[in-house]
Structure formats: C-alpha cells, structure tokens
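Below is one structure, written out as structure tokens, with a few remarks after it.
The values are calculated or read from the model by the stated rules, or taken from the named source; none is laboratory data. Since the structure is predicted, the reported quantities are computational estimates derived from the model, not experimental observations. Reconstructed Cβ throughout: ideal geometry from the backbone, glycine too, with neighbour counts over all protein chains shown. Just so you know, the surface numbers come from the protein's heavy atoms only, side chains and all, with ligands and any DNA or RNA stripped out. Shrake-Rupley method; radii C 1.70, N 1.55, O 1.52, S 1.80 Å.
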Amino acid sequence: MTESTQLITALDAAHERIEALARQQIAGMPLPELLEAGIAEAQAMLRIMLEAEHKPYASDADLLELWKTLVKGKPHWNTIRDNCRELIYYQNCLKAERQDALPAQPERMVIHTLRHIFLYLRSHAEQNQEG
C-alpha cells in the first residue's frame, strides 16, 4: 500500500467516525461531549496530515498548535484555520459559561465544521496522490 493510499484510507476512517458522531448528535448527544469528541477528531485528522507530510509535532499539542505546525511552509492549510478556530471558540464559550455567544445550532455546526475539515484534507490528498 502506497503512502497516498494509506493517507486516504486513514482519512476515510476519520470520515466514518465523523458520521458516527453525526448520528450521536442527532440522537441528542450533549454539546460538551460532542465538542470534546469533535475536537479530538479534528486533532486526529491534523495528525494524519502531519505524519503524511513528515512534519514532527508535540504529542500533547492542542488543535491550534497542530494547525500551526501544519501550515508552516504550506500556506494552503490556512483554508482550515477558521474551522479549527471555530471549534476552539465553541469550547471557550462553554468553559466561560457563555452559551449565549454560540450560534443557533452549535451541535450541527460542530459536525458541519468537522466535515469541512475532512473534505479539504481528503481533496488535498486526492490531488497529491502518487499516480
């Protein structure tokens, strides 16, 4: 299995986990749990890309640190910056007990944001696939 095939397989597995989270969200998973799982999934996807690009990262790096490592020397990764920041914003709103600052349907937005990150990563992997 080539590196690019492994990358796409790993991203497709992440997509399956996102869709499982979407089903849990529909079933009424509380926002704090959904957000925690969503941020963990976003971190996992960024780690997949960092490993594919052979970029070292700290094992305890948070989502924004992972993104900063990924974007160094590759400005196209700025495309997912706002998605990563959005997830952290939701987390900060919950920590500060400012649910009033969240969008109307934050649970749906978490899933939407994860799907956007996945689609960008998957598209990038397909475009750069070894032929």
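Residues of region 48-89 being assigned to a helix (DSSP H, G or I), open to solvent by 40 Å² or more (accessible area, probe 1.4 Å) and within 17 Å of LEU11 (Cβ to Cβ), which ones? Correct list: GLU51, HIS76, THR79.
Number of residues in region 86-130 that are under 16 Å from TRP67 (Cβ atoms) and in contact with a helix residue (DSSP H, G or I) (Cβ under 7 Å, 6 or more places away or on another chain): the value is 12.
Selection of region 13-31 for residues being open to solvent by less than 50 Å² (accessible area, probe 1.4 Å) and touching a residue at least 40 places away in the same chain (Cβ under 8 Å) yields ALA14, ILE18, LEU21, ALA22, GLN25, MET29, LEU31. As for region 112-119, it holds at least one residue that is touching a Gly at 6+ places or on another chain (Cβ under 8 Å) and open to solvent by less than 90 Å² (accessible area, probe 1.4 Å).
Is it true that some residue in region 93-102 is of a type outside the set (Lys, Arg), surrounded by 14 or more Cβ atoms within 10 Å (Cβ to Cβ) and part of a helix (DSSP H, G or I)? Scanning region 93-102, I find at least one residue that is of a type outside the set (Lys, Arg), surrounded by 14 or more Cβ atoms within 10 Å (Cβ to Cβ) and part of a helix (DSSP H, G or I), so the answer is yes.
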